[in-house]
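Q: This structure is in structure tokens; I'll ask about it shortly.
The values are calculated or read from the model by the stated rules, or taken from the named source; none is laboratory data. Fair warning: this is a prediction, and the values are worked out from it, not measured in the lab. Cβ atoms come from the backbone with ideal geometry, glycine included; neighbour counts cover every protein chain shown.
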Amino acid sequence: MKTYLSLLSLFGGLSLLSIGGGNTVLPEMHLRAVSGYHWLTDSQFADIFSISQAAPGPSILIVSLVGYAAGVKVAGVLGGLAGGVLATVAMIVPANPRIEAPTNTERLTWVAPGMIRHMVIALRNCSSPIHFRRSTTTSRDQADSPPPNEASAM
């Protein structure tokens, strides 16, 4: 329970200081998570930072991963999941006290389908670069390649 309260305290405070994006509070997050609470080592923090930057989506993913690491030490995988959710909520809610639905739904009906189509194409291309490379090879490219050497086959 103490770990979860520490997560709420740490990320709730960092949320209010994160003007300019989540990466502005990374040094403080590192200091507190590694040296203060000992949830992670320097190497583990560097690893989760790399994962959070490489993964598609918001860079705030590092908050969930730090929360997961803290919760795993206390209560295993389920505790890690709870820690990740608590840390993420603590980072998002204090800085955004008014979470409400957009009022201009007519504009969203025109924007959303186009955005979804482009996001699906981008995710498909990023997730399977080998498939994408093969699908762009044309029969002309294959015709330009030299025929296999029959002497080397013997």
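Q: Would you confirm whether any residue within the range 41-53 is touching a residue at least 60 places away in the same chain (Cβ under 8 Å) and among the polar types (S, T, N, Q)? Steps first, answer last, please.
A: Quick first cut of the range 41-53, residues touching a residue at least 60 places away in the same chain (Cβ under 8 Å) only: none.
No.
Q: Just for the range 88-100: of the residues that are assigned to a helix (DSSP H, G or I) and touching a residue at least 12 places away in the same chain (Cβ under 8 Å), which one is surrounded by the most Cβ atoms within 10 Å (Cβ to Cβ)?
A: MET91
Q: If we keep just the residues of the range 33-59 that are assigned to a helix (DSSP H, G or I) and among the hydrophobic types (A, V, I, L, M, F, W, C), which is farthest from VAL74 (Cα to Cα)?
A: My answer is ALA54.
Q: Considering each of VAL25, VAL74, VAL85, VAL34 in turn, give the residue that is in contact with a helix residue (DSSP H, G or I) (Cβ under 7 Å, 6 or more places away or on another chain) and in contact (Cβ under 8 Å) with a residue 12 or more places away in the chain.
A: The match here is VAL74.
Q: Still on this structure, please answer the following. Quick one: would you say LEU16 is among the aliphatic types (A, V, I, L, M), surrounded by 14 or more Cβ atoms within 10 Å (Cβ to Cβ) and part of a helix (DSSP H, G or I)?
A: no
Q: Mind listing whichever residues of the range 31-83 are more than 15 Å from LEU10 (Cβ to Cβ), modelled with pLDDT of 90 or more, surrounded by 16 or more Cβ atoms within 10 Å (Cβ to Cβ) and among the hydroxyl-bearing types (Ser, Thr, Tyr)?
A: none
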